[in-house]
Amino acid sequence: MDLQYTLEQYALQLKNVPRTLVAVAGVVQKIMKTLYDVHFPDAENHRPGPNPDCSDSDILTVGWLLEYIGADSEHSGYLRLKAELKTIFPSLPERSRFNRRRRNLSGASEVLRWALRQHVPQTDVYIVDSFPIPICDFKRAKASKSDLKWADASGTLATYSTSATKNLGKFLGFRGSLITTVQGVPVDFAIASADRDDREVLPMLCQRDHYPIILADRGYISEQLQRELLETENTCLLPTLRRNQKQQYAEAFRKLQVSLRRRIETTLNQLTDQFGVARVRARTHCGFQTRMSHKLGASLLGVFLNQCLGRPLMKLKDLVLA
C-alpha cells in the first residue's frame, strides 16, 4: 500500500472528532510507527538482549509530542504526558532513561524528519534566515560551567555574539539557520557557533538537498557565494539588496521579495513561542541537537496533519485542543 495514502488515512481519523491530546497522540503514534518500520525494519530485533517494553517509535513519538505541547519544564511536561497518555503509552520509562534513549535515537529522529518532509507541499522557492540561541547573557557567561562552552566532535561551541534585531545585546550561545518554503513550512535547520557568519552555514544546508531559489536578507549578500551556489548546487541565491548598491532588482520583484520574506519571520516567531527553539534546555551538545531535531520534527508533523485535515498549514497552536 502507498505510504502517503497510509499516513493520510491515519491523519484523517482526526477529521470529525475533537482533537484532544489523547486523540492526536494516538494518530501520531501510528504515523511514527509506520515511518519507523519503513526506514528501520525489524531494528529492535537485531540488537542484543531482550526488546524494551517501550518501543523506539514510542520514545520518538513522546519526544516529538513533548516539544509540541511547548512545556517550559521538560520534567513537568513529561509527567503530564505520562499521566494523560497512560492508555496509549503504558510502558514509558522513568525520565532519565527516556532521555538516554531519545538521545541514542537522535539519528533516527532526523531520518524520520526528512522522511516526513517528503509528504508536505514542495516548492521551488525557499527562504533562509538565522536567529540567536543564547545560553546566557554576557554578564553570566564567564561564570557559566555549561558543557556547551566547549566544542563537540563537530567543532561547534557556544561563543559570543550580538543580536540587534532581538534586543539581546551581547550574549553567549549559538546561531540557528532555518530554511522554509514560501508557505513558511520549516524544512531544514543548522546550529552553528554564534560568531559564525551566516554565509558560511548556507552552503552546508544547500548540500543536504536541492533548493532552486533561496530568498535571504542582507546578511547573505556575497557575489562569491551566489556564484558558488549556482555552480556547485544549481541554487539561485537572491538576498535583499542594500539601497546603495549599483545593481537593483526590479521594483515589482523587490516588493514581492519583501512580502515573501515576512513568512519566515512569522514561522520563527511560531517556533520560538510554541516550540522554544531559541531556548537551550539541554546540558550537552547531543541533547541540544536532539531536542532541536524533535522541535523541527514536531512542527513538520503538525504541518502534515493540517494538510490532511484541510487546515492552514502553519496553524499549529490549536491543532491539539488541550
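The values are calculated or read from the model by the stated rules, or taken from the named source; none is laboratory data. Here the structure is a predicted model, which is why all the values come from computation and not from measurement. Quick reminder, even Gly has a Cβ in these numbers, built from the backbone with ideal geometry, and neighbours come from all protein chains shown. All accessible areas refer to the heavy atoms of the entire protein, side chains included, with ligands and DNA or RNA removed. Shrake-Rupley method; radii C 1.70, N 1.55, O 1.52, S 1.80 Å.
Run the accessible area of the chain with a 1.4 Å probe and give the carbon-and-sulfur part as a rounded percent.
Details: 8100 of 15810 Å².
Roughly 51 percent, rounded to a whole number.
Let me know the charge dipole size of the stretch 177-322 about its Cα centre in debye, to the nearest 20, where only the beta-carbon of Lys, Arg (+1) and Asp, Glu (-1) is charged.
Values: 21 positive and 15 negative charges, 113 e Å.
Approximately 540 debye in magnitude.
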What shape does the stretch 98-167 have by the C-alpha gyration tensor, where a ≥ b ≥ c are the square roots of the eigenvalues, rounded means a/c under 1.5, and otherwise prolate means a/b greater than b/c and oblate the rest? oblate
For the stretch 259-307 and the stretch 136-155, distance of Cα centres in Å: 22
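If you place +1 on the Cβ of every Lys and Arg and -1 on the Cβ of every Asp and Glu, how big does the dipole about the Cα centre of the chain come out, in debye to the nearest 20? Show your work: numbers first, answer last.
Details: 45 positive and 34 negative charges, 247 e Å.
The dipole of the chain has a size of about 1180 debye.
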DSSP beta bridge pairing in the stretch 115-248, given as percent antiparallel to the nearest 5: 75
Placing one equal point scatterer on each C-alpha of the stretch 198-322 and summing with Debye, one gets log10 I(q)/I(0) at q = 0.11, 0.21, 0.23 Å⁻¹ equal to -0.54, -1.27, -1.31
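Quick one: order Asp195, Asp318, Asp188 from most to least accessible surface, probe 1.4 Å.
Details: Asp195 100, Asp318 55, Asp188 0 Å².
From most exposed to least exposed: Asp195, Asp318, Asp188.
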Which far-off residues, 5 or more places away or on another chain, put their amide H under 5 Å from the one on Tyr126, with H placed in the peptide plane? Ile213, Ile214, Leu215
Kindly provide log₁₀ I(q)/I(0) values, in the same order as q = 0.10, 0.12, 0.15 Å⁻¹, from the Debye equation applied to equal alpha-carbon scatterers of the chain. -0.61, -0.88, -1.31
Which order do peptides 212-224, 10-22 fall in by mean Cβ count within 10 Å, highest first? 212-224, 10-22
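Go through 75-88, 285-298 and give me the packing order, highest mean Cβ count within 10 Å leading.
Values: 75-88: 14.8, 285-298: 22.4.
With the highest mean Cβ count within 10 Å placed first, the list reads 285-298, 75-88.
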Is the shape of the stretch 95-241 rounded, prolate or oblate, going by the alpha carbon gyration tensor and its root eigenvalues a ≥ b ≥ c, with a/c under 1.5 for rounded and a/b larger than b/c for prolate? oblate
At 222 nm, what value in deg cm²/dmol follows for the chain if DSSP H runs of at least 4 each add -39500 (n - 2.57) and the sum is divided by all its residues, to the nearest 500? -15000 deg cm²/dmol
Can you work out ³J(HN,Hα) from phi for every residue in the stretch 281-296, in order, using Karplus 6.51 cos²θ - 1.76 cosθ + 1.60 and θ = phi - 60°, giving whole Hz and x for Gly and Pro? 10, 10, 9, 10, 4, 5, x, 5, 5, 4, 5, 5, 4, 5, 5, 5
Provide the per residue accessible area, probe 1.4 Å, for the chain, rounded to a whole number of square angstrom. 49
Quick check: residue separation of Cys236 and Cys286 times 0.36 nm, minus the Cα distance between them. What number comes out in nm? 14.7 nm
Counting only DSSP beta bridges with both partners in the chain, the antiparallel fraction in percent, to the nearest 5, comes to 75
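I'd like the FRET efficiency for Lys315 and Arg47, computed as 1/(1 + (r/R0)^6) with the beta carbon distance as r and R0 of 30 Å, rounded to 0.05.
On the way: r = 40 Å, r/R0 = 1.32.
E(calc), rounded to 0.05, equals 0.15.
When the chain is fully extended, how far beyond the present Cα-Cα distance does Leu168 get from Val111, taking 0.36 nm per residue of separation? Walk me through the intermediate numbers first.
Values: separation 57, 0.36 × 57 = 20.52 nm, distance 3.37 nm.
Result for the pair: 17.1 nm of gain on full extension.
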